[in-house]
1. Working only within the range 409-467, note down all residues that are assigned to a loop (DSSP other than H, G, I, E, B), out of contact with any helix residue (DSSP H, G or I) (no Cβ under 7 Å at 6 or more places or on another chain) and either buried (at least 22 other Cβ atoms within 10 Å of the Cβ) or not basic (Lys, Arg) (or both).
2. For Pro310, only one of the following conditions fails: (1) more than 30 Å from Val377 (Cβ to Cβ); (2) part of a helix (DSSP H, G or I). What is its number?
3. Looking at the structure I just gave you, is Pro147 buried (at least 24 other Cβ atoms within 10 Å of the Cβ) and touching a Cys at 6+ places or on another chain (Cβ under 6 Å)?
4. Give me the residue from the range 323-344 that is exposed (fewer than 11 other Cβ atoms within 10 Å of the Cβ) and charged (D, E, K, R) and, out of that set, nearest to Thr85 (Cα to Cα).
5. Residues Phe212, Phe202: which one is in contact with a Pro (Cβ under 9 Å, 6 or more places away or on another chain), buried (at least 22 other Cβ atoms within 10 Å of the Cβ) and in contact (Cβ under 8 Å) with a residue 24 or more places away in the chain?
6. If you go through the range 106-124, how many residues are assigned to a helix (DSSP H, G or I) and either touching a residue at least 12 places away in the same chain (Cβ under 8 Å) or in contact with a Pro (Cβ under 6 Å, 6 or more places away or on another chain) (or both)?
7. Going by what's in this entry, would Ala88 be described as touching a helix residue (DSSP H, G or I) at 6+ places or on another chain (Cβ under 6 Å) and either surrounded by fewer than 19 Cβ atoms within 10 Å (Cβ to Cβ) or outside any strand (DSSP E or B) (or both)?
8. Is it the case that some residue within the range 242-260 is in contact (Cβ under 8 Å) with a residue 60 or more places away in the chain and of a type in the set (Phe, Trp, Tyr)?
Amino acid sequence: MASIRELHHQLINKERSAVEVAQEAIARIQTLEPKLHSFLQVTAEVALQQAQQVDARIAAGEELGLLAGIPVGIKDNICTKGVLTTCASRILENFVPPYDATVSQKLIDAGAVMVGKTNLDEFAMGGSTETSAFQLTANPWDLERVPGGSSGGSAAAVAAEECVVSLGSDTGGSIRQPASFCGIVGMKPTYGLVSRYGLVAFASSLDQIGPFARSVEDAAVLLNAIAGYDPMDSTSLKVEIPDYTQFLVPDLNGKKVGVITETFGEGLDSEVEKAVRQAIQQLKDLGAEIQEISCPRFRYGIAAYYIIAPSEASANLARYDGVKYGKRIEDAENLMEMYTRTRAEGFGAEVKRRIMIGTYALSAGYYDAYYLKAQKVRTLIKQDFEAAFGKVDVLVCPTAPTPAFKAGDKSADPLSMYLIDLMTIPVNLAGLPGMSVPCGFSSEGLPIGLQIIGNVLREDQVFQAAYAYEQATDWHTRSPHV
């Protein structure tokens, strides 16, 4: 499948119609879905209607933005008016939102064509898309392996060219880690850069929506469309949004790149380390000045996260009680039984586990010992990053400690699953932008990702480093044979 810019030229020059592009994407989805299971809903009718509107605008001689007519997948925890939004949970299996999330509306306004809603870990809680209540998504590079999580469906769909780009959400690595596992570009923007209005909340101080793409340029185009201030989101940042594509220059002369020393060592797969070290050498060859940087509190990120995120989840998921929306047990004898049975039957094991951890951490007598302490550690992690960005422009490290693992390998051991997010979580705790770009393959042919981290609102630096690296290598040009 062509890039956004190539498709745009074909559409405006009338070499292809938007309807043809949409039909091609839908045909590919129908061919691959029996193997991949990336999508929970394929919205063929919606896509064709949207494509017809784009064609009508082209025929009328209107000027179109780059995203007009481009097939897009949307993670199924982002509200889409009139289209099922389930969060891959039984409790919301029949929920049809009465409104669009801000990002969904922005894509509609840009003329993008929604081909479907993608699979995820239930309520975005997980690192492998195995906690979805409905289906197991496969990794396009090896169907026995997981695509990563929680945005595994969005990543697999882009890697397998079922859509050109897709949206995911990232609370502790849920965009960057699946991007690494599926060999594509995935970006978590600065917290507050993209509106969370209409994103079903998991952990409100950490959640952030971002783009998946097969190239850095396509990710920049998609971020251009969704970034910006939104009065409907109280954490939205009132800042000027630049055109991110203007920072795509293949030159790093004078740029300072810090290598986070704490991310190399115990637990890091040797092939991942080798690929990332080679990528760092490549950045140096492009003119960047490389420095070793210590973020001593980086490794406490995972401990702090697994108190903060479940605490916020416990509060956010209290609304699924069978009263207002979602599933409801009808034959309960009283209100209490209706609450408890609705939640017992509606939520899966991982979601229940996190609600219980969070409720415990917030309970009287434990709040100061756990939640408050975790928030203090979060501040220390943020200070480590601030000190690092006093010396360098961007930081780099592996995105994930290993390539994609086999489905079922970590299901019985939640702790080993949680450790997959070791490198990505601190970025969310500090609210920073981070991107995973493909930087190699393991001996088994599995993709490896390099994580590039910027300071607050310095997406420009992240895009520049990622683009320069991408243009000097050919990892992004390789596609899986599904």
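The values are calculated or read from the model by the stated rules, or taken from the named source; none is laboratory data. Just so we're clear, the structure is a prediction, and the values are computed from it rather than from any experiment. All Cβ positions, glycine included, derive from the backbone under ideal geometry; neighbour counts span all protein chains shown.
1. Residues satisfying the conditions are Asp409, Ser411, Ala412, Asp413, Gly431, Glu444, Gly445, Leu446, Val456, Leu457.
2. (1)
3. Yes; evaluated as a whole, the condition is true for this residue.
4. Only one residue fits best here, namely Lys324.
5. None of the other options fit; the residue is Phe212.
6. Looking only at the range 106-124, we keep the residues that are assigned to a helix (DSSP H, G or I), and these are 106-109, 122-124.
Checking the rest, the ones that are also either touching a residue at least 12 places away in the same chain (Cβ under 8 Å) or in contact with a Pro (Cβ under 6 Å, 6 or more places away or on another chain) (or both) come to 106-108, 122-124.
The total comes to 6.
7. It is true that Ala88 is touching a helix residue (DSSP H, G or I) at 6+ places or on another chain (Cβ under 6 Å) and either surrounded by fewer than 19 Cβ atoms within 10 Å (Cβ to Cβ) or outside any strand (DSSP E or B) (or both).
8. Scanning the range 242-260 turns up at least one residue that is in contact (Cβ under 8 Å) with a residue 60 or more places away in the chain and of a type in the set (Phe, Trp, Tyr).
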